[in-house]
Amino acid sequence: MKNPFVTKGYAGPEYFCDRVKETEDLLKMLTNENNMALISPRRLGKTDLIKHCFSQQEIKDTYYTFIIDIYATNSLTDFVEVFGRAIFEELKPLGRKVWERFFNSIKSVQQQISFDINGNPVWGIGLGNYINPATTLEEIFKYLCTADKPCLVAIDEFQKITEYPNGQNVEAALRTHIQQCPNATFLFCGSKRHLMTEIFLSPSRPFYQSVVTMGLDVISEDKYSAFAINLFETYGKSLDADVVQQVYQRFNGVTAYLQRVMNVLFMNTPKGEHCTADMIDDAIEFIINLNTEHYEMLFSQMSEKQRITFLAIAQEGRARNISSGQFVRKHRLVSSSSAVSAVRGLIEKDFITCEHNEYYVYDYFFPIWMKKKGYIV
């Protein structure tokens with residue numbers, strides 16, 4: 001690869017940092033037929049970890065693997081569309097005999113699948129063609145039950161189902177289908193801890209005590225440092241250890257931001273040259289400048305009440321007790337109730353998140369942009 005610091009997905013084990021124990025634990029549990037819930041904040045590399053696990057030879061030789069990303073879904077119909085499409089696209093390259101088994105299972109939408117001039121199927125069903133999504137979902141699970149290999153199914157951003165109309169009915173239906181599907185093992189991934197915890201640990205919910213839960217922490221600084229230095233050396237460049245240390249600490253070890261900054265630092269270091277700490281600020285400035293229009297648009301989407309509260313949280317870095325009189329007075333907010341209402345809206349729009357009762361801005365580059373604009377100090 002031209003730049004080994006990958007910022008757009010999984011590119012293979014040589015570009016994947018550590019996660020040795022996490023990979024081992026996940027594979028051990030999944031191959032022993034334990035349904036799992038993987039819970040961690042976004043941008044720590046959950047999806048890449050799943051792809052890394054599913055790319056292992058022992059998995060590829062034995063299982064069909066499907067990764068279903070439901071982040072953009074809003075209903076059961078959306079879910080069924082994404083679920084069916086993901087299975088279909090994964091099976092299609094494996095040959096007619098493999099994909100035809102699935103094709104023959106989904107009778108409710110079978111007529112909506114077209115074929116190109118070479119006889120290859122094209123998934124073009126469209127949301128409007130799902131007359132009864134519950135029936136199609138049942139057919140998808142029928143396929144999983146009867147597939148000629150055991151299946152591993154990862155559903156990414158699983159907490160999204162809580163936002164569906166009749167969300168708990170969808171949970172109950174999925175739970176029933178999964179219980180009756182011994183040929184498939186499921187990995188539910190989510191970034192909103194409170195929602196995932198509610199789904200799997202609340203006695204009143206259908207998925208209560210149905211999975212083994214697992215968290216995902218940041219990669220250790222020493223592991224990431226060794227990884228980064230090795231990649232620079234492999235490509236005929238060198239990297240000071242204190243560069244990684246400064247970037248790691250500045251972005252709290254969150255993988256996506258480390259990779260983004262290291263990508264630019266690698267890009268700015270000519271072959272045979274040395275990357276030093278005085279290059280860090282220019283690299284971050286470059287990233288911020290590229291995203292200025294994006295941040296201006298996001299900022300404009302907030303109501304005035306949300307914008308003021310957002311700036312207060314960004315100013316704090318990690319904000320606690322946002323409804324307290326002290327927080328309201330310090331940041332000159334309208335009232336405690338106003339702050340709570342604004343935070344609720346900001347969380348719904350994914351502008352901020354909450355971990356361990358601390359609120360912070362999701363995108364670590366966003367506050368840097370705000371400082372540059374003079375919105376915060």
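Listed by first and then second residue, the pairs linking a residue in region 6-32 that is more than 16 Å from Ala226 (Cβ to Cβ) to a residue that is among the polar types (S, T, N, Q), with Cβ atoms under 6 Å apart and 6 or more places separating them unless they lie on different chains, are Thr7/Gln259; Thr7/Asn263; Leu30/Thr185. Residues that are touching a Lys or Arg at 6+ places or on another chain (Cβ under 7 Å) and modelled with pLDDT of 95 or more do not occur anywhere in region 54-61. Scoring Lys92 on the criteria (1) surrounded by fewer than 18 Cβ atoms within 10 Å (Cβ to Cβ); (2) modelled with pLDDT of 95 or more leaves a single failure, condition (2). Checked against (1) free of Cβ contacts under 8 Å to residues at least 24 places away in the same chain; (2) touching a Phe, Trp or Tyr at 6+ places or on another chain (Cβ under 9 Å); (3) buried (at least 18 other Cβ atoms within 10 Å of the Cβ), Ile219 passes all but condition (1).
Against the test of being touching a residue at least 40 places away in the same chain (Cβ under 8 Å) and hydroxyl-bearing (Ser, Thr, Tyr), the options Tyr257, Tyr248 yield a single qualifying residue, Tyr257.
For beta carbons closer than 6 Å, sequence separation of 6+ or different chains, a first residue in region 165-182 that is closer than 12 Å to Pro133 by Cβ and a second that is of a type outside the set (Asp, Glu), the qualifying pairs are Val170/Leu76; Val170/Ile161; Val170/Tyr164.
Here is the figure for region 99-112: residues that are surrounded by fewer than 17 Cβ atoms within 10 Å (Cβ to Cβ) and either aliphatic (A, V, I, L, M) or touching an Asp or Glu at 6+ places or on another chain (Cβ under 8 Å) (or both) total 2.
Can you name the condition, by its number, that Gly119 falls short on among (1) open to solvent by less than 60 Å² (accessible area, probe 1.4 Å); (2) touching a residue at least 24 places away in the same chain (Cβ under 8 Å)? Of everything listed in (1) open to solvent by less than 60 Å² (accessible area, probe 1.4 Å); (2) touching a residue at least 24 places away in the same chain (Cβ under 8 Å), Gly119 misses just condition (2). Would you check if there is a residue in region 45-60 being touching a helix residue (DSSP H, G or I) at 6+ places or on another chain (Cβ under 7 Å), open to solvent by 40 Å² or more (accessible area, probe 1.4 Å) and either within 21 Å of Gly167 (Cβ to Cβ) or touching a residue at least 40 places away in the same chain (Cβ under 8 Å) (or both)? No, region 45-60 has no match at all.
The values are calculated or read from the model by the stated rules, or taken from the named source; none is laboratory data. If you're wondering where the values come from, they're calculated on a predicted model, not measured in any experiment. Positions of Cβ are generated from backbone atoms using ideal geometry, with glycine treated the same way; all protein chains shown enter the neighbour counts. Surface areas here come from the heavy atoms of the whole protein model, side chains and all, with no ligands, DNA or RNA. Shrake-Rupley method; radii C 1.70, N 1.55, O 1.52, S 1.80 Å.
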